[in-house]
Amino acid sequence: MGTTTRKTTKRKRPRADFTPEQREEWKARKHADKRAAISGREGAAALLAQRSDLIDAFRVYASRVMDHRTLGNTLGMMAQNPAATRVNSAFFWAREGRAVLPEAKPMCVLARRKGNKIVETEDPDTGETEETVEGKWSGWTGERVFDVRDTVPAKKPCGHCGAAPGDTCPGSCAVYVPVPGPVPTREEVAELLDEILRDEGGFDLCFLEAAADEAQDLDDESAEDDE
């Protein structure tokens, strides 16, 4: 029985052809995106700590946009676009046959990344620069995501409403319909807020209990008025 030889192609590293200026520009953008993601979640956490009556609204928001993302990223997304209904990266929207509008404003989230530490060294004899692997790295970076309303059909008409490539789907198009997922509990939200606000004293679960008691009192009063 003969053996099969598989030809392998060396995978080209992303941004391998970047000039030094392009590489620095890309690093600056990633840093800014990371800061925007962190700032968004911190701002939203501070708001919910002051307005515990909005926590249930956040839970509903999270159920429709969280998908595979963390609750912390969802909190940051709410600060950047509270009207979002379906969220994906440009790469995943392309897989659905949709393109992100050039003028679309992205939401920034944190994404876990890991890989090889690439170090550039210069050969003293030839003066040429070579890349070598020295260990591994792991950390968080900024990633851009977009709401479905920031997209249009790409190369083919929309599979839901038939809108032509490049045209905006009508508001009635099924592509805009949220796909609800699990609703995070109030305790999960409280734990997240406590973690984010730890340097400011954390988040007291009593706020949730007080808000729940107040809501129950209002329901009881409403029931009495109906009688």
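Values in this text are rule-based calculations from the coordinates and carry no lab data. On a predicted model such as this, the values are computed, not experimentally measured, just so you know. Heads up, the Cβs are rebuilt from the backbone with ideal geometry, glycines too, and the neighbour counts pull from every protein chain shown.
Values as computed for the structure displayed
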{"quantity": "Karplus-derived HN-Hα couplings along the range 29-39 (A = 6.51, B = -1.76, C = 1.60, θ = phi - 60°), whole Hz, x at Gly and Pro", "calculated": "5, 5, 5, 5, 5, 5, 5, 5, 5, 5, 4"}
{"quantity": "Estimated FRET transfer efficiency (Lys27, Asp67; beta-carbon r; R0 22 Å; 0.05)", "calculated": "0.20"}
{"quantity": "Calculated from backbone phi, Karplus (6.51, -1.76, 1.60) coupling profile of the range 99-104 in Hz, x at Gly/Pro", "calculated": "10, 7, 5, x, 8, 5"}
{"quantity": "Filtered trypsin sites (Lys or Arg not before Pro), the range 51-127: DSSP coil and at most 13 other beta carbons within 10 Å", "calculated": "Arg51"}
{"quantity": "Three-way shape label, the range 17-169, alpha-carbon gyration tensor, a/c 1.5", "calculated": "oblate"}
{"quantity": "Interchain or long-range residues, amide H under 5 Å from Ala99's placed H", "calculated": "Val152, Ala154"}
{"quantity": "Gained length - Phe91 relative to Glu187, 0.36 nm times residue gap less alpha-carbon distance", "calculated": "31.2 nm"}
{"quantity": "Simple label model, 7 Å out from Cα along Cβ direction - Tyr176 to Gln50, nm", "calculated": "3.1 nm"}
{"quantity": "³J(HN,Hα) computed for each position of the range 79-89 - Karplus, 6.51 cos²θ - 1.76 cosθ + 1.60, integer Hz, glycine/proline x", "calculated": "5, 8, 7, x, 9, 4, 10, 9, 10, 8, 7"}
{"quantity": "Calculated FRET efficiency for the pair Thr126/Glu103, C-beta based, R₀ 35 Å, to 0.05", "calculated": "0.15"}
